[in-house]
Amino acid sequence: MAGWLGENARRRCVITDTDPPFAISDARRRIGLLAIALGTLIGPLDSSVNIAFPRITQDLGIQIDAIQWVVIFYVLTNTSLLLVCGKLGDLFGHKRIFRIGLLISIAAFVGCATAATYGWLLGARVGQGIGTALVMSCSTALVTALYPENHRARALGVYTLIFGLGAVIGPSLGGFMVQAWGWPSVFWFRAPLAIASVLLLFTIPTPAKKSASKFDIKGAVLLSLGLACLLLSINHLQRADGALLVTFGLALVSLGALIGFVIQESRVSDPIIRLTVFRDIDFTVLNLANAVLNLVGFSVMLFVPFYLIQFAGYPTTTGGLILAVAPMGVVLAGPLGGRLIGRVSAHRLAFIGIVIVVLAMMGFSTWRETPALATTISVLFLHGFGLGFYQVSYMHIVTGTLSRGDRGVAGSLALVTRSTGVMLGATILSSIYSYTSAQAGGGDDGFVEGFVLTFRYAGAGLAVFLLATLIRPRIWFRQGTS
């Protein structure tokens, strides 16, 4: 991976604004990148847990609908704490917070793998969410700190590649391990990765300690509460029993907490995130676009597995391999996009990424009859490639807009908007599919009709959003290559 970033990286000189915050040799840089990669992978590799759900419900004696909380407890904890953990890294050192997160994650993996009861597993998943939030919130900052600023885009390209690899490896590796060693293995195998990361972190120098401002505890509580209730209210919208009162109550608490957070941040000298940055409408639209893109993009992971296995008739293992083509697109687009930024504006590359995803959505919407395997693979790859282009461009813009001292918050902001989009996607897309499928009478015909129309509406919605942003064309087509 470091080969993408090696050129012009051997300098040992007085540090400037374009240099890393410390001098480091190429060998230590490569080992440091490996340490960050191994630690970062514990997040995207959680996709391996989904394949273990049937075994977990059987062994712990729980109902199928109860398994959703194994996901919810982890996602809510992780997402609601990301920005707070990013700020902790900015104040007290990204390497230190990253290491603490790895140690907590190791304990959580052991807790999940040895869980004898449902409650025990849920508690361990909360611990895993905390550990992963600490790790993921600082991983972007650590990667970009290893290289000069003029190599930041390439570093972020490698970071995008790491995420894509986790998405490729997770489900297929999880299926093999569950078959061979049972469901606890999807937790056990990540503990050695985290341990190796902890041991290799010594190669990353610790920057000179800066005077840490007072951490805004009140703001952190309000932000975490607001995000957690927001995501939980979104989740409740898709419940069959309605739970309208609960949904409204959670939304109200979320609104109150987030308003309180905004007020609190205006009063402190060093807020968790400087909200003034959102006065830049271009920057705000880019963050919104990340949420919308992930909302739409989640349709692939939500519906294509059912199409491939239940409708097209592919064996489970074959369907999993075909589905892995989409994250392979991300794996290839990340480093390529990182190299292109500097020659092409990151904003333009982000625009191209969205256009590619729109085209892929329209491709999925033509699958009334099972397409040829080459067509299936092409559309899936196109989808992942577009996502990869946008992700690396968006991360480059966010980390460049916020100050270098706020890199933890910048990386966390990108992850929070992504998770919010995915949660909204699970609710909105499921509702569209359920309605259109029922209108078509259910069965295979209803499935195909629901599948086709869901992708058609998703693609059209993303296209309309993109066209609406062209009211301000400078969002995507500004001058320069930044």
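Taken together, the values in this text are just the output of simple stated rules run on the coordinates, not laboratory data. None of the values given here were measured: they were computed from a predicted structure. Here Cβ is always computed from backbone atoms with ideal geometry, including for glycine, and neighbour counts include all displayed protein chains.
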Please work out the C-alpha center-to-center distance from the stretch 353-409 to the stretch 109-173 and express it in whole Å. 20
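Once the piece of chain linking ALA468 and LEU252 is laid out straight, how much longer is it, given 0.36 nm per residue of separation minus the C-alpha distance between them? Intermediate values should be presented prior to the final figure.
Working: separation 216, 0.36 × 216 = 77.76 nm, distance 2.92 nm.
Full extension of this stretch gives 74.8 nm more.
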Measuring from label point to label point, each 7 Å out along Cα→Cβ, what is the TYR435 to PHE215 span in nm? 4.4
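Give me the dipole magnitude in Debye, nearest 20, for the chain about the Cα centre, with unit charges on the beta carbon: positive for Lys and Arg, negative for Asp and Glu.
Computed about the Cα centre, the dipole is about 1700 debye.
Assuming 0.36 nm per residue, please report the length gained on full extension of the stretch ALA180 to ASP444 beyond their Cα-Cα distance.
On the way: separation 264, 0.36 × 264 = 95.04 nm, distance 3.32 nm.
Extending this stretch completely gives an extra 91.7 nm.
What value, in deg cm²/dmol to 500, does the helix sum -39500 (n - 2.57) over DSSP H runs of n ≥ 4 give at 222 nm once divided by the residues of the chain? Each step should come with its number before you reach the end.
On the way: 18 runs with 347 residues, N = 482.
Mean residue ellipticity at 222 nm (helix-derived): -24500 deg cm²/dmol.
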Taking amide H positions as placed 1.01 Å from N in the peptide plane, with prolines and chain starts having none, which residues 5 or more places from VAL344, or on another chain, fall under 5 Å of its amide H? none
For the chain, list the DSSP H helices whose alpha carbon atoms reach 18 Å or more along the long axis and whose average Kyte-Doolittle value is 1.6 or above? 217-237, 244-265, 281-306, 346-364
Amide H contacts under 5 Å for ALA115, placed H, 5+ residues apart: none
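Full extension from LEU244 to SER378: what is 0.36 nm times the residue separation minus their Cα-Cα distance, to one decimal in nm? Please list the in-between numbers first.
Details: separation 134, 0.36 × 134 = 48.24 nm, distance 4.13 nm.
Residue separation times 0.36 nm, minus the Cα-Cα distance, leaves 44.1 nm.
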